[in-house]
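First comes the structure, then the notes that go with it.
Nothing in this text is a laboratory measurement; each read-out follows from the coordinates by a stated rule. Keep in mind that what you see is a predicted model, and the values were worked out from it rather than measured. Ideal geometry is used to build each Cβ from the backbone, glycine not excepted, and the neighbour counts take in all protein chains shown.
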Amino acid sequence: MKPVILDVDPGHDDAVALMMACGAPDLDILAVTTVAGNVPLEKTTRNALRILSLIGRTDVPVAAGAASPLERPLYTAESIHGESGLDGPEIPDPIFEPDERGAVDLIAGILRESSEPVTLIPVGPLTNIAMLLREHPELKNRIARISLMGGSVGLGNTTPAAEFNVYVDPEAAREVFDSGLPITMCGLNVTHQAGAGPAERDRLRSAGRFGGVVAELLEFFASTYQRVFGFDAPPLHDPVAVAAVLRPDLLTTRPMRVDVECDSELTCGETVCDFYGVTGRQPNTRVGVELDRDGFFELLYESLARL
Ligand code: BDR
Ligand code: CA
C-alpha cells in the first residue's frame with residue numbers, strides 16, 4: 001500500500017479524484033486536506049467531507065488549510081463548478097467534522113510519524129504545500145514525490161497562458177517547483193487527453209454504487225465546459241494526478257526545468273517548461289507529455305467499481 005495525502009479544492013474533478021483514490025486497492029489514504037480554489041475554503045472543506053461521507057470513508061481525517069493564496073486575493077471558478085463547488089447531483093450533508101488541526105499541522109504530523117515517505121497529491125492551488133515546506137523544511141525528506149495537477153505545456157484555461165491552480169497562487173507554485181523535491185506535473189496538455197465525452201460518462205454511470213453521482217457530476221461539468229470553453233468532454237484533470245501515482249506507466253513524462261511566472265500582467269501563472277533544455281538548467285520536474293487515455297479510463301472504471 002502506497003501512503004498518500006490528497007490536497008483538494010472540490011470541485012467536480014477533485015471529487016472524482018477522491019473517489020478514484022478511495023477505490024484504488026493499493027493506496028493508503030492517510031489524510032485529505034483542503035484549500036481555497038474552485039470555491040472558498042469553507043465550501044471546499046464541506047465538499048470533501050460530503051464526498052467522503054457519501055462513500056463511507058469517514059475514517060480518513062480531513063483538515064482545512066489556506067483560505068487564501070500566499071500573496072493575492074482568492075480567484076474562484078464558480079462559472080465551472082457552480083455556487084456550491086459541486087453543483088449537479090444531490091449530495092447529502094457530511095456526517096463528520098474536520099480535524100481540529102489545520103492542514104499543515106496534520107500533514108506535518110503524518111509525515112513525521114509515517115514509517116515510509118509519503119506521496120502528496122495536490123490538485124488545487126499549491127498554497128498548503130508551499131506553507132508546509134516553509135514551516136517544516138526538515139520534513140522534506142519524508143515526502144516521496146509530489147504528483148500535482150497544475151500548469152501546462154502550452155495552453156492555459158484561465159488566461160491564455162495560465163492554468164487555474166497555478167494562476168490562483170503562482171507564488172506557492174513557484175516555491176513548490178523550486179523545492180528540489182521529486183515532482184510529477186499533470187498539466188492541461190495531458191489532462192485534456194482525459195476528456196469525459198458522452199460515451200465515457202455513460203460507462204461511468206454503471207461503475208459501482210456511486211457511478212450515478214459521478215455521471216451527474218460530469219453532466220454538470222460538461223454543461224459548464226460547453227458554455228465556457230465550447231466543448232462538452234470535460235477533462236478529468238485531477239484524476240490524472242491520482243492515476244500517475246497508481247500507474248505511472250500510463251503517463252509518459254519528460255524531465256524539464258519548470259519555472260513559474262509571477263510578475264507579468266500578460267502571462268502571470270504560466271508554467272514555463274524548458275522542453276528542449278535550451279536553458280541548460282537542471283530539470284526540476286517530470287512533466288507529463290502523453291496519457292494512455294484508454295488505460296486511464298479503465299483504471300478509473302475499475303477503481304470506482306470497487307467503492
Ligand atoms: C484545475 O482547476 C480546477 O478548476 C480543477 O479542479 C483542476 O484542479 C484545472 O485547471
Ligand atoms: Ca482541483
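Under the convention that each Lys and Arg Cβ holds +1 and each Asp and Glu Cβ holds -1, the size of the dipole of region 15-112 around its Cα centre is about 180 debye. The packing ranking of peptides 219-230, 40-51, highest mean first, is 40-51, 219-230, where packing means the average number of other beta carbon atoms within 10 angstrom of each residue. Take the Cβ atoms of Ser79 and Asp294, set R0 to 35 Å, and the FRET efficiency comes out at 0.70. Packing, as the average of other Cβ atoms within 10 Å across residues, places the peptides 169-179, 21-31, 290-300 in the order 169-179, 21-31, 290-300, highest first.
Estimated purely from DSSP H runs of n ≥ 4, each contributing -39500 (n - 2.57), the mean residue ellipticity at 222 nm for the chain is -11000 deg cm²/dmol once divided by its residues. The gain in end-to-end length when the Asn141 to Ala67 segment is fully stretched comes to 24.0 nm, 0.36 nm per residue minus the alpha carbon separation.
Rounded, prolate or oblate, given the Cα gyration tensor of region 101-203, with a/c below 1.5 counting as rounded? Prolate, because a/c is 1.5 or more and a/b exceeds b/c.
Taking a ≥ b ≥ c as the square roots of the eigenvalues of the alpha carbon gyration tensor, the chain is rounded, as a/c is under 1.5.
Using C-alpha pairs below 8 Å separated by at least 6 residues, the relative contact order for region 2-306 is 20 percent.
When you count the other C-beta atoms within 10 angstrom of each residue and take the mean per peptide, 77-86, 52-61, 147-156 line up highest first as 147-156, 77-86, 52-61.
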